[in-house]
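Single-structure report; data block below.
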C-alpha cells in the first residue's frame, strides 16, 4: 500500500468542508430537536453537493435523474473518508446525517435495479428523501447472520414479520433497506435484502431515547408486503449486500472518529495554552505535554490506517475486510481515548452542557458499537489472519518442502 500524503487539491477540499460545516451546517444542527431527523440539514447537504460526492458522482453534475448513472458507479472510499472526517471536525450532526444517507442507500447503488435507482437515488442526492439501513434486531446485532425477521412467501412475493431495533433514522426515514430471512436454517446464506418504502401497510416504528443525539428507533413489521421488484440483488444473497456496504463504511466510521478526535485535540491545545495553574500555563507541565503528544500520535496512526483501508477498497484489494476492521477498531478506540483525555485536561468545564467536549463525549461512544462492535472487529481480523496463514501454508505445502523435507519454521 502507498504511504499516505494528501495532495493539495484534497487538502484544500478538506479545509473547505471544515468551513462549510462550521459556518453553514452547524447553525442548522443547533436548531434541531435531538433524536429527530433534521430535514433542513439533510436538504442543505444536498444543496451543497455533498450527498452527490458521497456517492462518487462527478462534482458539479446535476442532482437529478441524469446523475443516477454516475452514482451507480459507486462511492470512492477515500473520498468518503475525507468527507466524514472533515465534517465531523466541524459538525458531527452533519457528518452523521450524510453517513446515514449513504449507509441506507448504498445497497441500492451496488445491487438495485434501474427502476429502484431512478426512483430513490436522485431524491437522496438532493436531500429530499431520508434513507435508513435496517439490519440490527433485538437478538441479532453483531451476529448479523442470526437475523430472525421472517419473509414468508405470499402470492409471488413475501410478507415481512418481526422487528428491527437500533435503526438510525427510524422511524422517520422515507425508505429502509431491510434484511430478512427468506430461507430458515441457512444462516447468512438465507438472507434477502429488500427496499421497503416507509408507507408500506403493516410497517410501524417508534423512536428510542439514546445517548447519541441522532435519531434511532425500532421498526415493527406485521405482514408487510414486498415483491420481487423490491429485492436488492439476488434472493438469499442479501447478506453479501450488507457486508459489501459495511466494508465500505467501516473505514469511514474510523474517519468520523478521527475527525472527532482531532477536534478534541485542537480544543485541548488551545485550552492548555490559556489555562494557568501551578505558576504557569498547563502546557508547560511535562505530564500534560506527554499526554497531548500521545493523543496526537494515536490520532495520526489511526488516520493513516483509515486512509490505507480506504485505498485498499478503492483498488479492489483482497484484504479489504481485514483492513476495514482494523481501521474501525483503531480509530474508534483512539477517539474514545482522546476525547476522554481531553475532558480530563479541561476539567469540569468540559462536562457542562453545550461545551464541545460534552457533545463529543456523548457522540464518541456509539461508533465503538455500531457497524460491528470493537470485539467483532477483532474477531474479523483474527479470522482473516487465520485464513491468510492457511492459504500460505497450502501454497508452501506445494513448494519445495512438500515432499517430506523439514519446513524452516515447523
query = If you stretched the chain out fully between residue 351 and residue 23, how much longer would it get, using 0.36 nm times the residue separation minus the C-alpha to C-alpha distance?
reply = 115.7 nm
message = Please report the spacing between the Cα centers of segment 315-390 and segment 111-136 in Å, no decimals.
response = 28 Å
remark   = Expected sort for 169-176, 257-264 on mean C-beta neighbours within 10 Å, highest first, is 257-264, 169-176
message = Could you list 287, 252, 324 so that the one with the fewest beta carbons within 10 Å of its beta carbon is first and the one with the most is last?
response = 287, 324, 252
ask   = If you take the beta carbon distance between residue 47 and residue 393 as r and set R0 to 35 Å, what does 1/(1 + (r/R0)^6) give as a FRET efficiency, to the nearest 0.05?
value = 0.05
request  = Take residue 276, project a point 7 Å from its Cα along the Cβ direction, then tell me which residues of segment 318-357 have their backbone nitrogen under 12 Å from it.
outcome  = none
task = For residue 143 and residue 269, compute 0.36 nm times the residue count separating them, minus their Cα-Cα distance, and round to one decimal in nm.
result = 41.3 nm
query = Which residue, 93, 79, 394, has the most motion in a Gaussian network model of the chain that connects Cα atoms within less than 10 Å?
reply = 394
Per residue Cα convex hull volume in Å³ - calculated over the chain = 169 Å³
key: Computed Rg/Rh of segment 251-410, alpha carbon atoms with Kirkwood Rh   = 1.18
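Every read-out reported here was derived from the displayed coordinates using simple, explicitly stated rules and does not represent laboratory data. The shown structure was predicted, so the numbers you read here are calculated from the model rather than taken from an experiment. Note: ideal-geometry Cβ built from the backbone for every residue, glycine included; neighbour counts use all protein chains shown.
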